[in-house]
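Before any comments, here is the structure.
The values are calculated or read from the model by the stated rules, or taken from the named source; none is laboratory data. This one's a predicted model, so the numbers in the text were calculated from it and none came from an experiment. Note: ideal-geometry Cβ built from the backbone for every residue, glycine included; neighbour counts use all protein chains shown.
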Amino acid sequence: MVDVVKTLYEVLGGKILRHEVIRDGVVIDVRPEDLVSVVKGITEGLGGIYTVVVGVDGRGIDNTYHSIYVFSLDELKTYVLIRVRLSPEDPKVESITPIVKGANWGEREVRDLLGIEVLGHPDPRTLILPDGWPSNTYPLRKDFSYCERPRLDNPGSNYVPQRSEEVVALPYGPYHPLLHEPEYFELHVKGETVVDVEYRGFHVHRGIEKLGESRLTYNQVPFVAERICGICGFVHNVCYCQAVENAAGIEVPERALYIRSLVLEVERIHSHLLWLGVACHVLGFDTGFMHAWRIREPVMYLAELLTGSRKTYGINLVGGVRRDVNRDSIEKVVKILKKVKEEYDHFVKSLTSVKEVVKRLEGSGILPKSEAISYGVVGPTARGSGLKRDVRVDHPYAAYKEASFRVPVYSECDNMSRLLVRVDEVYESISIIDQLIDKLPSGPIMAEDVEVPEFREGFSGVEAPRGEDVHYVITGRFSKVYRWKVRAPSYNNIPALKVMLHECPLSDAPLTIASIDPCFSCTDRLVVVDVLTGRKFRVDLRTLARRGKL
Amino acid sequence: MVSLYEILLAVVSVLIYPGLIFLIVVGLLTQWFMRKLVGRLQNRIGPKYVGPIGLAQPFADVLKLMFVKEELSFRGRLDKFLAIFMALGLGALATAMLFTPLSPYVVKAPYDVIIFIYLMLWTTAAFSFIGLSLSNPFTIVGSSRLLTQILFAEPVIVTSIIATTLVLSRNSETPLSIYSSIINPKLDVLGLVVIVLSLIAFFLAVMVKTMIKPFDIPEAETELAGGLLAELSGPTLALAIMLHYSEIAFLTLIATLLFLGGPYPLSYGDYLGPLVIAVKYLILLFIITLIRASAGRIRIEQASSMIIKYMLTVSVVALIIASLA
């Protein structure tokens, strides 16, 4: 870590006001006016890739607002957290979106939820809060009660159709057979080619971060965190626990780390099999869909064997795990995985031999490497664009140091490479599980001394099936977290769809959207109140009812 | 002078056998067969609950749509025209059945293949009209895709039928007649070549015309949310389903009778004849379903190049050989 700090001082010089080394990262304080040049130094000088923007209402700590820009320095195997402190009366900060495209959503989220004004943002529209949300009401500020429900102004009914003569606007969502969650893509189609796409998300409103900060204690949050996602919930659970453990300096027993890694890999296998099935379905190859899910079934059984549930395992706590694995189940795991691997082999061979499927996958949904870096995409989406990024290797956690595995990277940048990355990862995951089971140490599964001090920062990343999932935590008083920020992988991947869908044939658009394995409910966890609306125009229910009827 | 008996026979033939009712029943049974087979191929059970081995499931589905589900309508939807066009399509198919030897009331004349083809086109017209009578963007894209597909596939069907009838009814009193081609085929080696080529082209073109995977591009559930059928509901949807499966049944039946010799090696008078026809029909259907289950959807431009390469060229070659022979 000393090297990292040294390098940072070499590149940034006197712009660093002070630094603090935390587990898994370095926090540097800079002046708001230096922010843009510091970010430039990190991205251009050190090859940092954008991870997340975190806003903190720090008025309860040092009477300032914090805006924290996190970059991953993959080569130095660390995160760097650039913190600017802003005045409590009028928090304002320069936008970094012009130089880092990926920060677009993050900055708008900070503005929507904490009221930190972002100057010079190229796209200053509301991102998360619904239209009609009262001004000067910021749900993540500490003076906003978690049970408050502000009255929405009537969103109005100034319906203006936005299609020109030649363009057909195809509404994909909020409910569409392609998307299994409410999300809205408006594809502008000319003939059979997509010329533009409009995205409006954040239809699922759960306010989980606010709930975690105001009502729950440390050890209740993991169970809520696991419910952020219905497919890969365990990653959020692990990530939160790791963030708190990092903040409090808790040493987790080795056996618990192994169990976490085991379950994470089981989750990756079932998630990738699920995605392969969905991809086949999107291609109209339903036979592949059914068989992928048939193969996935024993994996679900395996999860039940290890944790007691098929999904939403609930075995994690800060400091370790609640449930041990016994020898009998481990023997079964090995047996089941062997069978799964055989069937999966057969499935992959047949899938890649269906010419129609291969022809549709190759050359569609191109995301060039440079754009991938700029948007800070993660997981298989990044690895399909030739970026070798994997949290398990770049920022090792749990028991991944003990396993040797390959990170599959394909540089064709199309849907096929994203598919192949996932195909290969399943093999790697099976191999990781085999290795970990061989080495599984004995011992306790829970740390003996779990003390969480006040106002410490913790940051942690976990490689979810969809990519890097990160959680940021500031510990608080009374066994509660002061600030808990979740950034799910799809949050960084969805904005890159604009690049992938440009000039894409309409038939390949659904596949391209599916190719990032979007998990909308992970992305959408922040909104508080519901309203049905498109981005360019607004339709309230009354208008919809009036226009929908004869 | 037309006798009352003849009129009655014609009406019964059109409405009951082998016309409307027969086609709908065979169509829905065809749907059951395809669903069951695809289900088994996809590691599912398929229709099971209504009737023995789920045989009555398609009927139950259609009846539910007709009598239980409501019809949703909205501004800009030409309801009556929709129903009228689909009924016309169904009626045209029923009438076209009179040209086959299955019908007790026989229609035959020299060059009646032209009328036959004209009647066959009505279903396509009905489906294209669905897209044009609804103001939904998905339906519009779907119907534009259907028209593109049909533009390539319909010539294949026409060419292969003409080539076959040209060969089969060469020396008969009624040249280019469907009935005499089926009932009294004249076959030599060259004729056999023509028929095999035409069958291949016709068979594939049927899959395009009836939007079966990999050619379900106008429907494309995961892209266009059902495309053509996206805005249909209740009785209209039931009508569309009946029309769709009747068309599949009709075209497969024509392939069985015209290209595969109907009850051959038996004859039409033989009481085991229908069984042979049924077996051949099911074999064709089995192949269609197998292709459907083992293929993903292709892009529209891939489809059109495929049609030109494997269907149009083959059928044109067949027509040239037929005219030279």
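What residue, among those in the range A:232-248 that are closer than 24 Å to A:Ser329 by Cα and aliphatic (A, V, I, L, M), is surrounded by the most Cβ atoms within 10 Å (Cβ to Cβ)?
A:Val235
Do the conditions hold for B:Ala249, that is, is it crowded, with 17+ Cβ neighbours inside 10 Å, away from every other protein chain (no Cβ under 14 Å) and either assigned to a helix (DSSP H, G or I) or not aromatic (Phe, Trp, Tyr) (or both)?
yes
I'd like the residue in the range B:272-325 that is among the basic types (Lys, Arg) and in a helix (DSSP H, G or I) and, out of all such residues, is farthest from the chain's Cα centre (by Cα).
Residue satisfying both the conditions and the ranking: B:Lys309.
Tell me which residues, restricted to the range A:319-337, are more than 12 Å from A:Leu262 (Cβ to Cβ) and buried (at least 23 other Cβ atoms within 10 Å of the Cβ).
Selection gives A:Gly319, A:Gly320.
For A:Ser95, state whether it is surrounded by fewer than 24 Cβ atoms within 10 Å (Cβ to Cβ), of a type in the set (Gly, Ala, Ser) and within 12 Å of A:Val36 (Cβ to Cβ).
It is true that A:Ser95 is surrounded by fewer than 24 Cβ atoms within 10 Å (Cβ to Cβ), of a type in the set (Gly, Ala, Ser) and within 12 Å of A:Val36 (Cβ to Cβ).
Scanning the range A:350-371 for residues that are within 14 Å of chain B (Cβ to nearest Cβ), loosely packed, with under 15 Cβ neighbours inside 10 Å and of a type in the set (D, E, K, R), which turns out farthest from A:Ile315 (Cα to Cα)?
Looking at residues that are within 14 Å of chain B (Cβ to nearest Cβ), loosely packed, with under 15 Cβ neighbours inside 10 Å and of a type in the set (D, E, K, R), I get A:Lys355.
Out of (1) under 30 Å from A:Arg360 (Cβ atoms); (2) away from every other protein chain (no Cβ under 14 Å); (3) charged (D, E, K, R), what's the single condition that is false for B:Glu301?
(2)
Limited to the range A:68-94, what total is found for residues that are closer than 19 Å to A:Asn492 by Cβ and over 22 Å from the mean Cα position of the chain (by Cα)?
Adding up the residues that qualify gives 0.
Which condition number does B:Lys186 fail, the rest of (1) in contact with an Asp or Glu (Cβ under 8 Å, 6 or more places away or on another chain); (2) surrounded by fewer than 20 Cβ atoms within 10 Å (Cβ to Cβ); (3) among the charged types (D, E, K, R) being met?
Failed condition: (1).
Please go through the range B:56-76 and pick out each residue that is closer than 24 Å to B:Ile288 by Cβ and surrounded by fewer than 17 Cβ atoms within 10 Å (Cβ to Cβ).
Correct list: B:Ala60 only.
Farther than 18 Å from B:Pro18 by Cα, assigned to a loop (DSSP other than H, G, I, E, B), out of contact with any helix residue (DSSP H, G or I) (no Cβ under 9 Å at 6 or more places or on another chain) and away from chain A (no Cβ under 14 Å): does that describe B:Tyr111?
So B:Tyr111 passes the test.
In the range B:16-57, which residues are under 18 Å from the mean Cα position of the chain (by Cα), more than 14 Å from every other protein chain (Cβ to nearest Cβ), part of a helix (DSSP H, G or I) and touching a residue at least 24 places away in the same chain (Cβ under 8 Å)?
Residues satisfying the conditions are B:Leu20, B:Phe22, B:Leu23, B:Ile24, B:Val26, B:Gly27, B:Leu28, B:Leu29, B:Thr30, B:Gln31, B:Trp32, B:Phe33.
Taking the range B:58-73 on its own, how many of its residues are within 14 Å of chain A (Cβ to nearest Cβ) and either aliphatic (A, V, I, L, M) or in contact (Cβ under 8 Å) with a residue 24 or more places away in the chain (or both)?
The number of residues fulfilling the criteria is 3.
Just to be sure, is A:Tyr410 among the hydroxyl-bearing types (Ser, Thr, Tyr), more than 19 Å from the chain's Cα centre (by Cα) and under 22 Å from A:Cys239 (Cα atoms)?
no
Can you find even one residue in the range B:134-141 that is within 22 Å of the chain's Cα centre (by Cα) and surrounded by fewer than 22 Cβ atoms within 10 Å (Cβ to Cβ)?
No.
Against the condition among the small types (Gly, Ala, Ser), within 25 Å of B:Thr252 (Cβ to Cβ) and either within 14 Å of chain A (Cβ to nearest Cβ) or more than 15 Å from the chain's Cα centre (by Cα) (or both), how does B:Ser103 come out, does it pass?
yes
Take the residues in the range A:107-128 that are in a helix (DSSP H, G or I) and touching a residue at least 60 places away in the same chain (Cβ under 8 Å); name whichever of them is farthest from the chain's Cα centre (by Cα).
Out of the qualifying residues, it is A:Leu113.
Let's see how each residue does on (1) surrounded by 24 or more Cβ atoms within 10 Å (Cβ to Cβ); (2) within 14 Å of chain B (Cβ to nearest Cβ); (3) over 24 Å from A:Arg392 (Cα atoms); (4) under 24 Å from the mean Cα position of the chain (by Cα):
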| site | (1), (2), (3), (4) |
| --- | --- |
| A:Ile250 | no, no, no, no |
| A:Ile259 | yes, no, no, yes |
| A:His270 | yes, no, no, yes |
| A:Leu276 | yes, yes, no, yes |
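Condition (residue is outside any helix (DSSP H, G or I), closer than 22 Å to A:Asp469 by Cα and of a type in the set (A, V, I, L, M)) applied to the range A:10-25: is it met by at least one residue?
So far as the range A:10-25 goes, yes, one or more of its residues are outside any helix (DSSP H, G or I), closer than 22 Å to A:Asp469 by Cα and of a type in the set (A, V, I, L, M).
So, restricting to helices (runs of 4 or more DSSP H) that lie completely within the range A:274-381, which ones have at least 1 residues that are over 29 Å from B:Gly39 (Cβ atoms) and of a type in the set (Lys, Arg)?
A:327-353, A:369-375
Residues of the range A:474-526 being within 16 Å of A:Val52 (Cβ to Cβ), assigned to a strand (DSSP E or B) and modelled with pLDDT under 85, which ones?
Within the range A:474-526, no residue meets the criteria.
Taking helices (runs of 4 or more DSSP H) that do not extend beyond the range B:121-232, which have at least 3 residues that are within 20 Å of B:Val314 (Cα to Cα) and more than 14 Å from chain A (Cβ to nearest Cβ)?
Counting at least 3 such residues, we get B:137-168, B:189-209.
State whether the residues of the range B:275-286 include one that is of a type in the set (Gly, Ala, Ser) and either touching a Phe, Trp or Tyr at 6+ places or on another chain (Cβ under 9 Å) or under 23 Å from B:Thr123 (Cα atoms) (or both).
Looking through the range B:275-286, none of the residues is of a type in the set (Gly, Ala, Ser) and either touching a Phe, Trp or Tyr at 6+ places or on another chain (Cβ under 9 Å) or under 23 Å from B:Thr123 (Cα atoms) (or both).
For the range B:304-325: of the residues being within 14 Å of chain A (Cβ to nearest Cβ) and free of Cβ contacts under 8 Å to residues at least 40 places away in the same chain, which is farthest from A:Asp508 (Cα to Cα)?
The extreme case among them is B:Lys309.
Which condition from (1) touching a strand residue (DSSP E or B) at 6+ places or on another chain (Cβ under 6 Å); (2) free of Cβ contacts under 8 Å to residues at least 60 places away in the same chain is the one that A:Leu35 breaks?
Of the numbered conditions (1) touching a strand residue (DSSP E or B) at 6+ places or on another chain (Cβ under 6 Å); (2) free of Cβ contacts under 8 Å to residues at least 60 places away in the same chain, the odd one out for A:Leu35 is (2).
Output the residues belonging to the range B:34-49 that are within 22 Å of A:Glu343 (Cβ to Cβ) and crowded, with 19+ Cβ neighbours inside 10 Å.
Within the range B:34-49, just B:Val38 meets the criteria.
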